[in-house]
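Reviewing the structure listed below.
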Amino acid sequence: MSTRTISADQPAAEPASSPADRIVTILRGMLPEGAELAVCWRDWALGNGGAATAGATGALRRRAEQALADPQAEHDNPELRVHAWDNADGNARVALAVSLPRPLPAEEEEPWLLLARTLLVTSLDATRAQARIVSLEKSKRLQQALYEIADLAGADLEMPEMLRRIHAVVNSLMYAENCYIVLYDDQRRTVRFLYFADQRDPYVAEPDREFGEDEMANSMTFALLRHGQPLRGPSAVIRQKLGVIRDPSHGPDSLDWLGVPMRRDDRVCGAIVVQSYDTPASYADEDRALLGYVAQHILTALDRKYAHVELENRVEARTHELQRINRELQAEIMERKRAEKLQRALFRITDLAITSESLERFYADVHVVVDELINARNFYIALVSDDGDTLQFPYSIDERDPMRKSRRMTNGLTEYVIATGKPLLADRAVIGRLAEEGKLLQHGPPAFSWLGVPLFRGEDVVGAVVVQSYSDGVAFNTHDQSLLTFVAHHIGNGLDRQRAQERLRSAHAELERRVDERTRELAEANHQLRAQIGERLRAEQQLTYQATHDALTGLPNRPHLLDRLSAAIERARHGDGQAFAVLFLDLDRFKLVNDSMGHAAGDELLVEVSRRITMTMRGNDVVSRLGGDEFAILVEYADGVENVRDLAQRLLSVLGRPMWVAGRELFPSASLGIAVWHPRYRNGEELLRDADAAMYRAKEQGRDRCAMFDEAMREAAMQSLDLEADLRRAINHRDFLPFYQPIRRLDDGKVIGYEALLRWQHERRGLLLPAEFISLGEDSGLIEQVDWLLYEQVVKQIARGGEGYVSVNVSPRHFRSPDFADRLLAMFDEQGADPSRLRVEITEVALLDDAPRTLRILRTLRQHGILAQLDDFGTGFSALSYLHRFPISVLKIDRSFIAGLGVEARPESLALVRAILALAGTLGIETIAEGVETDEQRQALLELGCQLGQGYLLGRPAASMDDIADGTAPA
């Protein structure tokens, strides 16, 4: 069979529109004229397809399709050839049907068929590869777009700029020149246009404005949101599909419109819309799927952006809140500091009234105190003479009027304050107005700011206290006026006391002169001693300037001692060292020296104590200062533990010898704990811990002694745990009861009230006093439950009737509970008892802990008749400002001061009790003396003016008020 070729006079083929058409045209050209062919294929990636020559009949095409589906459909008809085959990978099947005008020889048909197979399979492979490339390019663009959207969500951009850039990203994926994004609130049925870009609609997005459904009744946007599914097509078609009426106010129609809802879980929360005004069918299903995918990422980006904005808002709000709290805290701190400063000033004035050697000294010291509170650079005290005609100036400090002379009573500023009996705060304008009204006449240089308050003696005005300023940089205010008024009240009291003691001072003038001479001699000797100690300290610092020594005493410090202990332990473990012990020493009442004499005196005492310890110890012992008033000593011994105890006693004896510190003779004492080396110790810290525990045992046993650490101390800790368990059981079993101690008048012994004292009826140990368990109750927090059991029984006792009030002790813990007052008053309502028969005893710790809350609780109780008593006054801070600020009705003078009265009266106790009584009398507060044990103490209290007391002399606590007899005071 001859080979068929295409001659030049054959008609030209139609232009091919695809590779398959071109292949069909080529294959037909290699067949005899009049031949027709049809090709079809099924590809897993490209789908179904086919191609045929222009003259191919429908039957020929169906033959090819049938062969594609049925492998047995091939024909051996010479003029109709049908072939079907799979490609090498098995992912495509091709069928070929050929109609011939005459049969082809085998030598022509086989090459032609091989060429046909090769061309068709190769074309499918190329088309598949091209489709894969296009798909990968789209995936890459989509992935890049999603990355850009995610980056924009985390970028520090404003919302409009972020959405503008997201629009640009979407526009890179499809035609999106006209695009808008809305958020939808399905609860309120409102939308907000976050972004709007359109070539024909001039609307500008207002992200914060909400559009209700009634405002946009015929909006395709609302229809899309209600529909909840993507929509694509011309605007008119979509409106017809959704039943939306045309409304020109919602913008022009588009030839193609694509809207995709944004979903959060199952709720529609927004939408993104793109549209084309120029080109119909601009968007395909692929664009719809792509925009839906992008829409969810845009929603995620918006959520992240809003979350970021919300977080920033919350951080900013929290920052403002913290700043506000800080300002309030700073204000509270400043107020507390001012209150403490005022308290110290008033206490100093009260003390000066008793201790100042002359009125002149008293005036000068008062000036110093006032100058600490307000600007008192120009300060004077004016007093009216006894005949009332002269105004005297016993004290005056003024930068422009250095010699303020006495004058006749006129109509000056000072006389105005005395005449009116009221404070006057005036600047130049006020002074000028008063002068024009003829009420006063300016004396001396004109002041820029002038503040004067009257001085009272009882109800009479006897003078004035004045501060003034000549500079506009210092202007007094109402706060200064309140301070000076309060101070003036105490100055008036101080003047009365000073006048009463004037003649006593005159009588003792000669004695005071001699005391002054002796004091100067002692001060000189003390000065020389300080110089010697300072020189020695400087020499020691030059020799021992290193981190392992204490800067004050020059002794080894804690790290040095621990190193030496580690070496001693190591030697003892290997059996090549001596037995050793650690002595832990703590000075008794050292804080009192610091608080009363100052830290310099405390340092001097520590230096002397370290010197005595060093002199007492042997050369190979290690003496170290751990900090504060704590010392530790490493001693080696060879003759038994008793030698260590003897050494400790000898050391205590040396420390107890009198010493002079800051011009005063002191008799120091110390408590000392001993821990002896034992193989159970692993390091020096454990030895120090047990020595410290032994030292505290020595303090508990009365101070000025030593104690050896033993297993009994470990057992004591276990007993404390057992006692806490017993305490919890006792609360459940209500094993607590009140004992009542009478409070009597000291002159006739009449009972005016009772203090309810807590007792524990222990199941094994019998009746326990508070000292045996109260500290454990405070530490464990159980004291509040115990107190409420006591209060319940006291209220029931009050409800049964009787005379006199009952006072109960209130722990500071109760004032941290905002419902304390309500709960206590509810007990009275429940029992039908009179709350005015109850008084609460508090300590200064409760006032210092949370002053505003404590003040609110005390005022609530006072409104219901429950008065407050300040217990143990004089042993704590003795904050005078709290007596003025808080509703305190009674001061209870601590038993430690009462013990110093009587036969062997201590002057300091007498002075303190007198000062407390004077202070209470000035403020109109009752006083009760605690711990009255002897008739001498009762008599001394009566002489000092104290009317009420309690103690064993006046009556012991009893389980029932009926067991306490009323009667006269002991003779």
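Any read-out appearing in this document is the output of simple, stated calculations on the displayed coordinates, not a laboratory observation. Remember, predicted model here, so these are calculated numbers, not experimental data. Every residue, glycine as well, gets a Cβ built from its backbone with ideal geometry; the counts of neighbours run over all protein chains shown.
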Name the shape class, rounded, prolate or oblate, that the alpha-carbon gyration tensor gives for segment 339-406, where a ≥ b ≥ c are the square roots of its eigenvalues, rounded holds for a/c under 1.5, and otherwise prolate holds if a/b is larger than b/c and oblate otherwise. oblate
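Explain nothing, just the number: relative contact order of the chain, from Cα pairs under 8 Å at least 6 residues apart, as a whole percent. Walk me through the intermediate numbers first.
Details: 1487 pairs, mean separation 49.8, N = 971.
Rounded, it is 5 percent for the chain.
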Mean-position separation - Cα centroids, segment 551-611 and segment 420-462, in angstrom: 62 Å
Among the DSSP beta bridges whose two residues both lie in segment 676-811, what percent are antiparallel, rounded to the nearest 5? 75 percent
From the C-alpha coordinates alone, can you work out the Kirkwood hydrodynamic radius of segment 19-132, in Å? 14.1 Å
Residues of segment 746-780 with backbone nitrogen within less than 19 Å of a virtual label 7 Å along the Cα-to-Cβ line of residue 836, please, listed as ranges. 752-754
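How many Å³ per residue does the convex hull of the Cα positions in the chain occupy? Walk me through the numbers on the way to the answer.
Working: hull volume 421.4 nm³, N = 971.
About 434 Å³ per residue, rounded to a whole number.
Taking 0.36 nm per residue of sequence separation and subtracting the Cα-Cα distance, how much length would be gained by fully extending the chain between residue 475 and residue 793, in nm to one decimal?
Working: separation 318, 0.36 × 318 = 114.48 nm, distance 5.76 nm.
Gain in length upon complete extension: 108.7 nm.
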Modelled FRET efficiency - R0 35 Å, residue 939 with residue 769, Cβ distances, 0.05 increments: 0.75
For a distance above 18 Å, tell me the whole-number percent of Cα pairs in segment 374-419 that qualify. 28 percent
Debye intensity ratio in log₁₀ form over the Cα atoms of segment 797-952, taken at each q of 0.11, 0.14, 0.18 Å⁻¹: -0.47, -0.73, -1.08
Which value, in debye to the nearest 20, gives the size of the charge dipole of segment 12-148 about its Cα centre, when Lys and Arg are +1 and Asp and Glu are -1 at the Cβ? 600 debye
Rounded, prolate or oblate: which one fits segment 151-210, using the alpha carbon gyration tensor with axes a ≥ b ≥ c (rounded when a/c is under 1.5, else prolate when a/b beats b/c, else oblate)? oblate
Can you tell me the FRET efficiency between residue 159 and residue 320 if r is taken as the Cβ-Cβ distance and R0 is 25 Å, rounded to the nearest 0.05? 0.65
Kirkwood-Stokes translational diffusion coefficient of segment 155-313, alpha-carbon pairs, 37 °C, 0.692 mPa s, µm²/s: 206 µm²/s
Counting only other residues whose beta carbon sits under 11 Å from that of residue 178, what net charge do I get with K and R as +1, D and E as -1? -4
Principal-axis tilt of helix 478-507 within the chain, Cα atoms, nearest 10 degrees: 20 degrees
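Can you order the peptides 167-180, 231-244 by their average number of other Cβ atoms within 10 Å per residue, highest first? Mind dumping the intermediate values first?
Working: 167-180: 19.1, 231-244: 16.1.
Averaged packing, sorted descending, gives the order 167-180, 231-244.
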Using only Cα atoms, tell me the angle between helix 907-923 and the longest principal axis of the chain; keep it within 0 to 90° and round to the nearest 10. 70 degrees
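Assuming 0.36 nm per residue, please report the length gained on full extension of the stretch residue 896 to residue 547 beyond their Cα-Cα distance.
Details: separation 349, 0.36 × 349 = 125.64 nm, distance 4.33 nm.
Roughly 121.3 nm would be gained on extension.
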Taking one equal scatterer on every alpha-carbon of segment 397-544, how large is log10 of I(q)/I(0) by Debye at q = 0.14, 0.19 1/Å? -0.81, -1.15
Where the only charges are on Cβ atoms (+1 Lys, Arg; -1 Asp, Glu), what is the dipole of the chain about its Cα centre, to the nearest 20 debye? 740 debye
Quick one: compute the contact order of segment 669-786, relative version, from alpha carbon pairs under 8 angstrom and 6+ residues apart, as a percent. 18 percent
Place a point 7 Å from the Cα of residue 457 in the direction of its beta carbon; the residues of segment 356-394 whose amide N falls under 12 Å from it are 383-388
For residue 518 and residue 215 in one chain, what is 0.36 nm times their gap in residues minus the Cα-Cα distance, to one decimal in nm? 99.0 nm
Nearest 500 deg cm²/dmol is fine: what mean residue ellipticity at 222 nm does the chain get from its DSSP H runs of n ≥ 4 alone, each adding -39,500 (n - 2.57), divided by its residue count? -16000 deg cm²/dmol
Partners for residue 892 among lysines (Cα-Cα distance below 28 Å; same-chain residues under 8 apart left out): 337, 341, 591, 699, 750, 796
Could you compute the net charge surrounding residue 374? Neighbours are other residues with a C-beta less than 13 Å from the C-beta of residue 374; K and R count +1, D and E count -1. 0
Just how far, in whole angstrom, is segment 640-663 from segment 55-71 if you go by their alpha carbon centroids? 124 Å
Tilt, helix 820-831 to longest principal axis of the chain (alpha-carbon atoms), in degrees rounded to tens, equals 70 degrees
Can you give the translational diffusion coefficient of segment 636-699 in µm²/s, computed by Stokes-Einstein from the Kirkwood radius over Cα pairs at 4 °C and 1.567 mPa s? 95 µm²/s
Could you please state, rounded to a whole Å, how far the C-alpha centre of segment 377-419 is from the C-alpha centre of segment 760-814? 58 Å
Around residue 818, what is the net charge, scoring Lys/Arg as +1 and Asp/Glu as -1 over all other residues with Cβ under 12 Å from its Cβ? +1
Quick check: pseudo-label points 7 Å beyond the Cα along Cα→Cβ at residue 106 and residue 125, how many nm apart are they? 2.9 nm
Given the candidates 671, 660, 596, the one whose Cα lies deepest towards the positive end of the charge dipole of segment 548-709, counting +1 at each Lys or Arg C-beta and -1 at each Asp or Glu C-beta, is 671
Using all alpha carbons of segment 722-876, what is the percent of pairwise distances in each 10 Å bin, ordered from the shortest bin to the longest? 10, 39, 37, 14, 1
Where in segment 101-144 does the label zone of residue 289 land, with the point 7 angstrom along Cα→C-beta and an amide N cut-off under 19 Å? 128-144
In this structure, the FRET efficiency calculated for residue 711 and residue 304 from their beta-carbon separation, with R0 = 60 Å, to the nearest 0.05, is 0.35
What would the Debye equation give as log₁₀ I(q)/I(0) for segment 589-725 at q = 0.10, 0.12, 0.17 Å⁻¹, counting only Cα atoms as equal point scatterers? -0.38, -0.54, -0.99
How many nm separate the modelled label positions at residue 79 and residue 171, each set 7 Å beyond the Cα in the direction of the Cβ? 6.5 nm
Between residue 682 and residue 511, how many nm apart are label points set 7 Å from Cα along the C-beta direction? 6.6 nm
